[in-house]
Amino acid sequence: MKMSEIRSMETAELQEKLADLKKSYAGLKLSHAVTPLANPMEIRKLRKNIARLMTELNQRGN
């Protein structure tokens, strides 16, 4: 997800997307602890996307 896409989203959409990504991240992390993922880079991508969304929300003041 690119920052240009994130900036074009509404605040409510950002919060909803952030909640979804956090849930996915928790699930991936748990499944990776049990059995290694085929592509562990997915965890890093999710974590960075979460950080991007949180950064944009903080800049907006929400």
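The values are calculated or read from the model by the stated rules, or taken from the named source; none is laboratory data. Just so we're clear, the structure is a prediction, and the values are computed from it rather than from any experiment. Methodologically, a virtual Cβ is constructed for each residue, glycine included, from the backbone with ideal geometry; neighbour enumeration extends over all protein chains shown.
What to note about this one:
- Scope segment 27-37; condition more than 29 Å from residue 11 (Cβ to Cβ) and either surrounded by 10 or more Cβ atoms within 10 Å (Cβ to Cβ) or small (Gly, Ala, Ser) (or both); matching residues: 31, 32, 33, 37
- Candidate set from segment 1-42 (those that are aliphatic (A, V, I, L, M) and assigned to a loop (DSSP other than H, G, I, E, B)); member that is nearest to residue 57 (Cα to Cα): 9
- Cβ-Cβ under 7 Å pairs, at least 6 apart or on other chains, segment 1-24 side of a type in the set (D, E, K, R), far side in a helix (DSSP H, G or I): 7/56; 17/53; 22/50
Okay, residues lined up against (1) surrounded by 12 or more Cβ atoms within 10 Å (Cβ to Cβ); (2) on the phi > 0 side of the Ramachandran plot; (3) in contact with a Ser or Thr (Cβ under 7 Å, 6 or more places away or on another chain); (4) at pLDDT below 95:
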residue: 2; (1), (2), (3), (4): no, no, no, yes
residue: 12; (1), (2), (3), (4): no, no, no, no
residue: 15; (1), (2), (3), (4): yes, no, no, no
residue: 18; (1), (2), (3), (4): yes, no, no, no
residue: 21; (1), (2), (3), (4): yes, no, no, no
residue: 25; (1), (2), (3), (4): yes, no, no, no
residue: 39; (1), (2), (3), (4): no, no, no, yes
residue: 44; (1), (2), (3), (4): no, no, no, no
residue: 50; (1), (2), (3), (4): yes, no, no, no
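- The lone criterion from (1) of a type outside the set (Ser, Thr, Tyr); (2) over 20 Å from residue 10 (Cβ atoms); (3) surrounded by fewer than 10 Cβ atoms within 10 Å (Cβ to Cβ) left unmet by residue 61 is number (2).
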